[in-house]
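Nothing in this text is a laboratory measurement; each read-out follows from the coordinates by a stated rule. Keep in mind that what you see is a predicted model, and the values were worked out from it rather than measured. Here the Cβ is made from the backbone with ideal geometry for all residues, glycine too, and neighbour counts use every protein chain on show.
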């Protein structure tokens, strides 16, 4: 089963120049709570922007580059949807963590999304697909806490794919 984890602005921006545009420790904490001890699926650019192998997770890096390699037993490099199918069919929850191309590619196979919605508009070059109310329903919403470390208005929102009738 695939789920998405993403932080996005009001205008669906998720980054610029392969970087996040905000610093929100509560979002990082939530990301770690959700994804630790699970599989995380990402594109090569996202993997490179993180700059390290995420601890206590298996990382699956999806890339078109046949020469891309990572020498770490916790990283699997894949090059096709056929190789991703095992994670789609898995009864365990596996998390798609970006970037934009990977979100768009895998969105049809996703059943749940964990979205940090930041109540600001940003200028960026990387967008998250629009969340359609026809396809997705909110099943959980939690206001983010503003404090000395988290100075942006935000919410943690969980969406589930609606059942087709």
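Points worth noting:
- Each peptide among 153-160, 95-102 gets the average number of other Cβ atoms lying within 10 Å of its residues, and from highest to lowest they stand as 95-102, 153-160.
- Taking each residue as 0.36 nm, the span from residue 93 to residue 130 lengthens on full extension beyond its C-alpha to C-alpha distance by 11.1 nm.
- DSSP beta bridges in the range 7-112 [antiparallel fraction, %, rounded to 5]: 10
- Working from label points 7 Å from Cα in the Cα-to-Cβ sense, the residue 56 to residue 81 distance is 3.5 nm.
- Among 4-15, 119-130, the order from most to least packed when residues are scored by Cβ within 10 Å on average: 4-15, 119-130
- For residue 104 and residue 139, the difference between the fully extended length at 0.36 nm per residue and the C-alpha to C-alpha distance is 10.4 nm.
- Using just its DSSP H runs of length 4 or more, each adding -39500 (n - 2.57), the chain gives a mean residue ellipticity at 222 nm of -5500 deg cm²/dmol after division by all residues.
- With each label modelled as a point 7 angstrom along the Cα→C-beta vector, the residue 164-residue 68 pair spans 3.0 nm.
- Answer label, with Cα extents along the principal axes in Å calculated from the coordinates and candidates [x] 65, 44, 34; [y] 42, 42, 29; [z] 54, 42, 30: [y]
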